[in-house]
1. Does segment 550-562 contain any residue that is surrounded by fewer than 18 Cβ atoms within 10 Å (Cβ to Cβ) and closer than 30 Å to W480 by Cα?
2. In segment 583-633, which residues are assigned to a loop (DSSP other than H, G, I, E, B) and polar (S, T, N, Q)?
3. Among the numbered criteria (1) among the small types (G, A, S); (2) over 28 Å from the mean Cα position of the chain (by Cα); (3) on the phi > 0 side of the Ramachandran plot, which single criterion is violated by S195?
4. Based on this model, can you work out whether A201 counts as crowded, with 19+ Cβ neighbours inside 10 Å, modelled with pLDDT of 95 or more, in contact with a Gly (Cβ under 8 Å, 6 or more places away or on another chain) and among the hydrophobic types (A, V, I, L, M, F, W, C)?
5. Any residue in segment 498-517 that is polar (S, T, N, Q) and at pLDDT 95 or above?
6. Confirm whether W369 is touching an Asp or Glu at 6+ places or on another chain (Cβ under 6 Å) and either of a type in the set (G, A, S) or buried (at least 17 other Cβ atoms within 10 Å of the Cβ) (or both).
7. From the list V617, V572, V592, pick out the single residue that is among the β-branched types (V, I, T), surrounded by fewer than 20 Cβ atoms within 10 Å (Cβ to Cβ) and closer than 27 Å to E523 by Cα.
8. Among the numbered criteria (1) surrounded by fewer than 24 Cβ atoms within 10 Å (Cβ to Cβ); (2) in contact with a strand residue (DSSP E or B) (Cβ under 8 Å, 6 or more places away or on another chain); (3) assigned to a loop (DSSP other than H, G, I, E, B), which one does E130 miss?
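The values are calculated or read from the model by the stated rules, or taken from the named source; none is laboratory data. Predicted model, so just to flag it, every value in this text is computed and none were measured. A quick note on method: Cβ atoms are made from the backbone with ideal geometry, for glycine too, and the neighbour counts reach across all protein chains shown.
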Amino acid sequence: MEAGNWLTHGRDFTEQRFSPLAEINEHTVSDLGLAWTFDLETTRGVQSTPIVVDGTMYVSGPWSLVYALDAKTGRELWRFNPVVEGQTARTACCSVASRGVAIFEGKVFLGALDGRLIALDAATGESLWETQTTDTSQPYTITGAPRVFAGSVLIGNGGADLGVRGYVSAYDPDTGALLWRTYTVPGDPNEPFESEAMEVAAKTWTGEWWKYGGGGTVWDAMAYDPDLELIYVGSGNGSPHARWARSPGGGDNLYLSSILALRAETGEIAWHFQTTPGDSWDYTATQHIILADLEIEGRSRKVLMQAPKNGFFFVLDRVTGEFISGEQYVSMNWASGLDESGRPIETEYADYREQLRMITPSALGGHNWHPMAFHPGTGLVYIPALELSIPMLFDEDWEFAPGHFNFATAIDEYDFEFKGVPPEGFLLAWDPRTQEEVWRVNHSNLWNGGVLATGGGLVFQGNSEGLFVAYRASDGERLWESTAGTGVMAGPVSFEIDGAQYVAVAAGWGGSYPMGMGALAAEAQSKGGGRVLAYRLGANETPPTSPAWPGPPPVPTFQVEATEADIMEGIVLYHAQCGICHGTGAVGGGSVPDLRYASEYVHQRFNEIVLGGERAVLGMPSFSDRLTTEDTRKIQAFILAAAHQASASSGEETSSD
């Protein structure tokens, strides 16, 4: 792999996110400065890892836009807009983000939010072909980056929270023809199974799971070993979340929350390892997968490493799938440890059928989509970790609602009570051989950026505060920082042009946590504002500044006739339909509009916006099939009450109000 380029999502097939470039190191990093910025012209969350090939950078943004930039200057070469309909935002569980593109033989490959796989001419941005990879009648989306492994374009999808069946597909890079498709969960057992693996998996399910989709979507992690000719993918949570609803007779529900090794030529499942059997907590195994060769007990092992949502760090033999070791890397109460096969030992507390439980880790996991990195020199894995608890209680009256969020829990997962472990985020340096923490750096908020490790002995990570920081890889000492002007979530990259090393990151606050977590996300006081920032030694462009966090909302002048009972109903309706984007308690987290600040004009046009889709082109879809004018009156009453309350608590309202 060429040291000066960043050719695939994790730099190479191992997904280590390690650059051997060393001009920027612990001795020179103090001279690192901003070389250029490029404005992505969005306030939505930016999650993309740039691809850099021979001086050209390819980066994607929200709504699946793709930009080609001169990687030395930041000058735009071309952009491509796939024109995704705004209504698609309603089926994107966790934002309209894109985590990046792939490049191969002069083509750029994009997984568009609406399920299309698109090939572009790398030189011009011209569309060469596109194919619909999903059933458009189902709530599938694509936010993950494609990969090109063994001459095929690999893409998965999302949608398990809304009721779909997961799979990963391989396409011909020249024509877009489907080469193979591997499902991750079984379909209707009354129909022929697609493979022997699906027949085996069906024996671990009960009830009529296929009517609810089943879940298991492959929405992020992939890696490839060309010597073994194995592709590794991670599968997601079940649909619905609670297994007592989707598989009432129990069972492990293969291949949910699993790492799957697929034969590159056919997609056949060579082996699997289930990180969370019978998952009921949204503990996906879609988190970053890293391949490496480690010396373990005196001999070199070809290993696969993952820190999935469930809080355990796993080391597997990537040849056979054998469990080598595992240990918890964050706090947990759902399991007490792993047995000798690597299977989690569930605690009684994990069962939330009859009593509300504050489950740790939360559905956000101990590690989410933000990529981790491995440094061959230190032998450490650097994890953007977090700790949070979530209230969970099984809803015995749950009924499947196609296209809606299907959790089968009686407590809205976004209506957090801040009990359990204290919410916190940290950069964790983990030794995969000893399964021990080596060092950590605590952050002020729990949602922070992906990680880059370099040959200069450095680890780079952005954070929710809007800082981009370099740490010494050996001990975590902070050596350098620069303001990004917005929260940083994506993974940085490093590349070389004309003998000079660059470090770049796509920044922009937003996504599931900033949109849905209300007051907790607002504590970061970060605003959206997508951009790409590139740094090199000796550069001295002025770093962007973060926009001021707004004061308390003004006293609303608009009024809606409503009783206290109406407002209480509005709270329920709001959290069922609006809160996942506009924030728990109607408190915005800094990405999409905080509705407590809505103008009188917005309130006057409330039904036209919410029911009529007046702002669908801006990503605010119509909810006319879910809400009535009576519903919107109650939601609006709640939003106005929340605005009055926020104004009153700040002392802005008088007693006559």
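1. yes
2. Matches in segment 583-633: S591, S599, S622, S624, T628.
3. S195 satisfies all of (1) among the small types (G, A, S); (2) over 28 Å from the mean Cα position of the chain (by Cα); (3) on the phi > 0 side of the Ramachandran plot except (3).
4. Values: crowded, with 19+ Cβ neighbours inside 10 Å: yes; modelled with pLDDT of 95 or more: yes; in contact with a Gly (Cβ under 8 Å, 6 or more places away or on another chain): no; among the hydrophobic types (A, V, I, L, M, F, W, C): yes.
Judged against the criteria, A201 is not a match.
5. Of the residues in segment 498-517, the ones polar (S, T, N, Q) are 501, 512.
Restricting the remaining residues to those that are at pLDDT 95 or above gives 501.
Among the residues of segment 498-517, at least one is polar (S, T, N, Q) and at pLDDT 95 or above, which makes the answer yes.
6. yes
7. V572
8. Tallying (1) surrounded by fewer than 24 Cβ atoms within 10 Å (Cβ to Cβ); (2) in contact with a strand residue (DSSP E or B) (Cβ under 8 Å, 6 or more places away or on another chain); (3) assigned to a loop (DSSP other than H, G, I, E, B), E130 fails exactly one: (3).
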